[in-house]
1. Give the residue list of GluC sites (Glu not before Pro) in the stretch 42-131 that are DSSP loop and have at most 16 other beta-carbon atoms within 10 angstrom.
2. Explain nothing, just the number: relative contact order of the stretch 11-192, from Cα pairs under 8 Å at least 6 residues apart, as a whole percent.
3. Can you tell me what share of the DSSP beta bridges in the stretch 11-192 is antiparallel? A percent to the nearest 5 is fine.
4. With the Cα gyration tensor of the stretch 108-188 giving a ≥ b ≥ c as the square roots of its eigenvalues, does the rule (a/c under 1.5 for rounded; else a/b larger than b/c for prolate; else oblate) give rounded, prolate or oblate?
5. In the set [x] 1.07; [y] 0.97; [z] 1.36, which value of Cα Rg over 2.2 N^0.38 Å was calculated from the structure you see?
6. Show the residues, 5+ positions off or on another chain, whose built amide H is closer than 5 Å to the amide H of L173.
7. Among N105, T143, P94, whose Cα sits farthest toward the positive end of the charge dipole of the stretch 93-147 (+1 at Cβ of Lys/Arg, -1 at Cβ of Asp/Glu, about the Cα centre)?
8. For the chain, find the longest principal axis of its Cα atoms and tell me its angle to the long axis of helix 11-32, 0 to 90°, nearest 10.
Amino acid sequence: MLEERGTVVDHTTIFRWVLRFSPLLMEALRKRKAPVGGRWRMDETYILVKGQDRYLYRAVDKNGDTVDFLLTGRRDRAAARRFLEQATKLAGEPSLINIDKSGANKAGIEDFNNDQGCEIEVRQCKYLNNIVEQDHRNIKRRTRSMLGFKSFWTARVVLAGIELVHMIRKGQLTSKKTKLVASPAAQFYQLAA
């Protein structure tokens, strides 16, 4: 977009903008994000950080809208529970979560249910999780050309920026004045203002 307007900017400058402004824009989006449905699909995918696999937990509702995401160092019960706690603070408790055959995710959800006194139903069926699996493609497509990240912090911030743009493209930003979904550029300008 900058090149079309005759502005020459180095890729390092854009990377610095991403590191500086992604957390601020993400915070603004979370305040104005449209509510999500009560039936979630939860899964994790791997991201390369310093040559090692790290895990990006993600959840989408049955319509494909992103609920939340969390980058963790491990794929275990504690990570699944931490992700679920973060997601429920943001979007409320779901009535049902579809997961694949991951035992860690099931254990994390059961721990959350026991400690919080919730009754979130867990359904383990890999075919019902296709919505979130397909949603991972956007993240993988963007990160594949990066050949991994150098630090965990950088990965977390850049992935937040990628998720932010993905949510804007899905139309998850609500307008307080109208119910109409604006173009992605207009939604971005609303956030930045």
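None of the figures in this text is laboratory data; all of them are computed from the coordinates on show. Bear in mind the structure is a predicted one, so any value in this text is a computation, not a measurement. Please note: Cβ atoms are built from the backbone with ideal geometry, for glycine as well, and neighbour counts cover all protein chains shown.
1. Details: sites: E44, E85, E110, E119, E121; in loops: E119.
Those that pass, being in a loop and sparsely packed, are E119.
2. On the way: 267 pairs, mean separation 48.6, N = 182.
Worked out over the stretch 11-192, it gives 27 percent.
3. Values: 17 of 25 bridges.
Bridges in the stretch 11-192 are about 70 percent antiparallel.
4. On the way: a/c = 1.83, a/b = 1.22, b/c = 1.50.
It comes out oblate by the Cα gyration axes.
5. [x]
6. A34
7. T143
8. On a 0 to 90 degree scale, this one is about 50.
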